[in-house]
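Single-structure report; data block below.
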Amino acid sequence: MMLDCVIVGGGPAGLNAALVLGRARRKVVLFDSNSPRNAVTQESHGFITRDGIKPSEFRKIAHYDITKYPSVTIRNEKITDIKKKGMIFKLVTEEGESIQAKKVILATGLKEIHPSVENLMDYYGKSLFSCPYCDGWELKDRPLIVLSELPSVFHMVKIVYNWSKNLIVCTNGHKVLTTEQKEVLQRKEIKVFEQKIKTLVGENGFLEAVIFEDDEKEKRDGGFVTPEWIQASPFGKSLGCEINQLGGIITDEVGRTNIEGVYAAGDTSVIAPSQVIIAAAQGSRAAIGVNTDLTQEDFN
């Protein structure tokens, strides 16, 4: 059977793309390996009508919505290869099954490379987060850490300052701030610690203090981490999609990449800002692009 579209990735972008294409009566399979970047997230915020929802509950509701449309199938399997032959895409599952489709939406998301602090992941998702817009409200007015080994830490601390003025910046042994940036932070009474972190201290995922290699200690209640983001799958690169400076797949206003028939949505294309509502909107946009192009081909 020839599918109209295969969606690779079952996060908010892929799910919303499946919903829109199902309502457009397109034959679609969504492949979801169920390894989301937000697996540690307790609650998702910033999505009107869904503020504070657990990611697992969001996924459950989305699957229920999609089941109303019989032309869409969700398969909890991993795609291991995608090749384009002429105008047709051949996809291979981890079980070795071959699938053919006219269009492909890449909604595979990103992977995070975190600062090299030994026990960071004990706190990530409970008191340390990556997005102030998602979790800043819950940490407002508390003593916070902004942790990053990247030059973008200066931008991050300026954003976090909106939620709390009691901040320290930790670069974990990396000299990523300029003299001018340090002077700006000093004027705002934000301390900068460039020495390496020995350990984070707390209980049950809730941060209490940061201890540095020189044994200096700073009490903190939580904070924000700037990870490095990379594509979670190799398909964009292997298919020849153009990549922007941040590492996202370049698309037009309806999700088309430079490779005809390949579309990208969610964090796969929009590296930042990274929010559920933005990813879902990107999925809708890409689905409209797919349906528009399939319709045009039908009439040609």
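The values are calculated or read from the model by the stated rules, or taken from the named source; none is laboratory data. Because the structure is predicted, anything quoted here is derived from the model rather than measured. FYI the Cβ positions are ideal-geometry reconstructions off the backbone, even for glycines, and counts take in every protein chain you see. In case anyone asks, the SASA skips ligands and DNA or RNA and just uses the protein heavy atoms, side chains included. Shrake-Rupley method; radii C 1.70, N 1.55, O 1.52, S 1.80 Å.
Of everything in region 14-32, what is of a type in the set (Lys, Arg) and either under 11 Å from Leu3 (Cβ atoms) or at pLDDT below 95 (or both)? Give them in sequence order.
Arg26, Lys27
Cβ-Cβ under 6 Å, sequence separation 6+ or interchain: first residue in region 193-206 and open to solvent by 50 Å² or more (accessible area, probe 1.4 Å) and assigned to a loop (DSSP other than H, G, I, E, B), partner modelled with pLDDT of 95 or more and aromatic (Phe, Trp, Tyr). Which pairs?
The qualifying pairs are Gln195/Phe212.
Looking at region 207-255 only, could you name the residues that are surrounded by fewer than 21 Cβ atoms within 10 Å (Cβ to Cβ) and basic (Lys, Arg)?
Correct list: Lys217, Lys219, Lys237.
For residues that are assigned to a loop (DSSP other than H, G, I, E, B), charged (D, E, K, R) and open to solvent by 80 Å² or more (accessible area, probe 1.4 Å), scanning just region 141-177, find the one that is farthest from Ile53 (Cα to Cα).
Lys175
Would a scan of region 231-241 turn up a residue that is of a type in the set (Phe, Trp, Tyr) and modelled with pLDDT under 95?
The answer is no; no qualifying residue exists.
Of all residues in region 38-86 being in contact with an Asp or Glu (Cβ under 9 Å, 6 or more places away or on another chain) and of a type in the set (Gly, Ala, Ser), which is nearest to Gly240 (Cα to Cα)?
This residue is Ser71.
Using the structure shown, decide if Arg59 is among the basic types (Lys, Arg) and at positive phi. Walk me through how you get there before you give the answer.
Details: among the basic types (Lys, Arg): yes; at positive phi: no.
When the stated conditions are applied, Arg59 does not pass them.
If a residue must be assigned to a helix (DSSP H, G or I) and open to solvent by 20 Å² or more (accessible area, probe 1.4 Å), how many such residues does region 118-134 contain?
4
List every residue pair whose Cβ atoms sit under 6 Å apart, with the two residues 6 or more apart in sequence or on different chains, where the first one lies in region 11-24 and is closer than 9 Å to Ser284 by Cα and the second, anywhere, is hydroxyl-bearing (Ser, Thr, Tyr).
Asn16/Ser284; Val20/Ser284
For region 217-279, please list each of the strands (runs of 3 or more DSSP E) lying entirely inside it that holds at least 1 residues being without any contact (Cβ under 8 Å) to a residue 24 or more places away in the chain.
Output list reads 217-219.
Which strands (runs of 3 or more DSSP E) sit wholly inside region 35-111 and have at least 1 residues that are surrounded by fewer than 19 Cβ atoms within 10 Å (Cβ to Cβ) and small (Gly, Ala, Ser)?
Per the criteria, 98-106.
Is it true that Val40 is among the β-branched types (Val, Ile, Thr) and at pLDDT 95 or above?
no
Just one of the numbered conditions (1) without any contact (Cβ under 8 Å) to a residue 60 or more places away in the chain; (2) buried (at least 24 other Cβ atoms within 10 Å of the Cβ) is not true of Thr292; which one?
The failed condition is (2).
When you go through (1) of a type in the set (Gly, Ala, Ser); (2) in a strand (DSSP E or B); (3) under 30 Å from Ala279 (Cβ atoms); (4) over 20 Å from the mean Cα position of the chain (by Cα) one by one for Ala209, which number turns out not to apply?
(3)
Going by the structure shown, is Asp32 within 28 Å of Ser130 (Cα to Cα), open to solvent by less than 30 Å² (accessible area, probe 1.4 Å) and of a type in the set (D, E, K, R)?
Yes, satisfied.
With the structure loaded, tell me whether Gly266 is open to solvent by less than 40 Å² (accessible area, probe 1.4 Å), out of contact with any Ser or Thr (no Cβ under 6 Å at 6 or more places or on another chain) and at positive phi or whether it fails that test.
Criteria met by Gly266.
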